[in-house]
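Below is one structure, written out as structure tokens; the observations come after it.
What follows draws every value from the coordinates through simple rules; no lab data is involved. Predicted, not measured: the structure shown is a model, and the values here were computed from it. Backbone-built Cβ (ideal geometry, glycine too); neighbour counts: all protein chains shown.
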Amino acid sequence: MKKIILVLLLTPLILYAQHSKLNLECKTCHSCDIPTKENPCLGECPREELIRINQKPEEAPRIIKIDRIKETNLYGPSIFDHYAHSDMSIMSGDCRICHHYNPPGNIISCSKCHSPQRKRIDISKPDLKAAYHRLCISCHREWSGEIECISCHKPAGMQEDLTLKSINKKSIHPEIKAPIKKVYNTNFTGGKLVTFYHEEHNKIFGFECSDCHKNESCVKCHATNKSALKQSPAILHSKCNKCHDTEDKKSCNLCHSNVEKPVFNHKQRTGFDISKFHSELKCSRCHVTKGKYTGLKKECKNCHGIWTTDNFDHKVTGLILDETHVEFECENCHTEPTYQERSCNNCHDDKSYPQNKPGKVVKR
Amino acid sequence: MSKQTRRNFIKTAAVAGSVIAGLPKKTDAAPKNILSEDRMGVLVDTTVCVGCRKCEWACKTAHNMPTTPLESYDNREVMKKMRRPDHTSLTVVNEYEFDDYPEFPIDVKVQCMHCDHPACVSACIVGAFSKEENGSVIWDSSKCIGCRYCMVACPFQIPSFEFHKAIQPEIKKCDFCFSRTKEGKLPACVEICPMEALTYGRRKDLIDIARRKIELYPDRYINHIYGETEVGGTAWLYLASRKFEDLQFPKLGNSPAPGVTEAIQHGVFAYFLPPIALYALLGGVMWINKNRKKSEEGEE
Ligand code: SF4
Ligand code: SF4
Ligand code: SF4
């Protein structure tokens, strides 16, 4: 008995300990002062201030058979490919677009809050059938305009196909290939076309898909009627304005032009050629202040410090210096701070680069 | 109908109407017309409805009315035209598209609103219509004499008449599934709705729920519960994301039983010419009937 009392006393504390990690006010979820397990006095689901669930798609069941609702005999259960849906959720608001309210710990089933009975006392939140359907149908309708029951249910009495083989074939989302570039046709009179180098943004600028595609809906790609997805300039700009100043009227033509723009060229734009040694680097390697890409001097020592014969292995340039030249200071041959100049005149009157080389050319 | 005859018709109707409008308004005298505190209602959330029309099928099935199979309701062709509830379908779902959001049409289920102060009840000269304790407005076909006053009176143009039937044509309208709810079952449409766009509950509670929804999601709903106050309140209540006029809800005042002339002009009778003489006669019958009811009331 004592034990039970102890457990009862401690339960709120244990729960509090778990909850407190979430940095939440009790009153966000509970309406009374001392919630207990028996009477948690849960308030309205705070859909907008959701509690994060950090689960990977692989950690959840692959296939879920939804068969809790048995009141009607019109349709059979729905075989729900959880993996296919959760796999894509990273781009569409993660787990919480469906698991909109979840205390810490394991994901709780929808039926914990949503009654399987339509005729019930508490009608303030939808019943289980509606909770499912509102999530599924709203999205699928948006997607295809269709709301047929048979796209998810077999008519009652028909055998469900539960073999993973058949599910394997069609339901997992195919790998998404990011486009190399996209040309957007806008209404802006000062330059209709915006050439967006998508691959470059991924690779060089180092963005993850979900950095930009956070709250996408499936329709974004799968819409039957693309024109319906037209967004206002403000929304479109909001995707770019974290790095590009879209307010500054003078900078419109950085992206907008009447012809397709060539890919970003560091040498043309800034005078500093990065094609030879830095082409694989993410911008942030040199431009360390987030979102700021100006202000660096065109000098190697910005990042590399001062090179000397001790700390620089000339081999990386594709030329191993011979015994004589390896002793010289860099500046003896490279007279300016980007080391682009190669001059022999300091010592030799009759030699010049690249006819004469101060060592052996090797493959970089 | 030519302009001339229509104008004449309205003039005549207005005269008939003024006779009716002059009648005593209060008809709560009939013992059945109770306005219970706990009367039930349905909250229709048009932002949730997807226009699957399962409710239409369920309604017909529950009322033993002929219907095509359930699968045929997947065909959305019918929704290209606006429809009204009639003797073949006590409820219909209409779809409205708007240019600012073409991918998301708004679907609206239409049926009898089960008014708290039903004009049909007031209008019925033989007392066939009644407002029941559970909120339903139903009628007794054995009393009905086919005068169709209810059709004229209803501000929502709901009651319809089996004009095609020569023998024993009946008034038809949604009866809030009275025989089902009596047995403790849900209205058929409420039960089948996959989205629970239709929430069945005490009208009081539904209004609270609707208010809460508006408060929680001000971007989703306009701040108006249609039916909360319209014509003195209705059992069926609606939430929507845009002005109700855009969704062809009539703009009505808050006082019960609006003038009958107005209802006539709204065009129930656009389809046929009522025998005016009969109306005059029936108007008289109604007058006597009402007076009798009134004196009965006085005696109580
Ligand atoms: S069944 Fe529900 S979702 Fe379907 S049309 Fe009727 S009210 Fe709308
Ligand atoms: S909507 Fe019309 S038919 Fe229905 S209760 Fe009101 S007045 Fe009567
Ligand atoms: S309440 Fe009953 S009669 Fe009225 S529309 Fe629904 S199913 Fe039909």
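The table that follows gives values for the structure above.
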{"item": "Subset of A:56/A:125; A:65/A:182; B:165/B:243 violating a 31 Å alpha-carbon distance limit", "result": "A:65/A:182; B:165/B:243"}
{"item": "Aspartates and glutamates with Cα under 17 Å of residue B:80, excluding same-chain neighbours fewer than 8 positions away", "result": "A:146, B:56, B:95, B:97, B:99, B:103, B:107, B:246"}
{"item": "Computed over region B:180-241: relative contact order in percent, which uses C-alpha pairs under 8 Å that are six or more apart", "result": "20 percent"}
{"item": "Reachable aspartates and glutamates, given that their alpha-carbon falls under 20 Å from the alpha-carbon of residue A:203 and they are not under 8 places away in the same chain", "result": "A:175, A:211, A:273, A:280"}
{"item": "Per DSSP, loop GluC sites (Glu not before Pro) in region A:113-152 with at most 16 further Cβ within 10 Å", "result": "A:146, A:148"}
{"item": "Shielding of B:190-200 by partner chains, average beta-carbon count, 10 Å", "result": "6"}
{"item": "Cα-based shape type of region A:57-168, given that a ≥ b ≥ c are square roots of the gyration tensor eigenvalues and the cut on a/c is 1.5", "result": "rounded"}
{"item": "Residue pairs, from the table A:112/B:54; B:81/B:143; A:27/A:239, whose Cα atoms sit over 30 Å apart", "result": "B:81/B:143; A:27/A:239"}
{"item": "Other protein chain Cβ atoms within 10 Å, averaged over every residue that makes up A:135-141", "result": "3"}
{"item": "Global geometry of region B:122-197, whether rounded, prolate or oblate, following the gyration tensor of its Cα atoms and the 1.5 cut on a/c", "result": "prolate"}
{"item": "Filtered trypsin sites (Lys or Arg not before Pro), region A:331-361: DSSP coil and at most 15 other beta carbons within 10 Å", "result": "A:342, A:351"}
{"item": "Percentage relative contact order, region B:40-260, counting C-alpha pairs under 8 Å, at least six apart", "result": "28 percent"}
{"item": "Per-residue Cβ neighbour rank within 10 angstrom, fewest leading, A:198, A:153", "result": "A:198, A:153"}
{"item": "Members of B:131/B:172; B:109/B:172; A:220/A:292 lying beyond 21 Å, as alpha-carbon distances in this model show", "result": "A:220/A:292"}
{"item": "Between region B:149-180 and region B:50-122, the alpha-carbon center distance in angstrom", "result": "16 Å"}
{"item": "Loop-resident sites, region B:45-114, for trypsin sites (Lys or Arg not before Pro), counting at most 10 other Cβ within 10 Å (DSSP)", "result": "B:81"}
{"item": "Region A:182-264: relative contact order as a whole-number percent, Cα under 8 Å and 6+ apart", "result": "47 percent"}
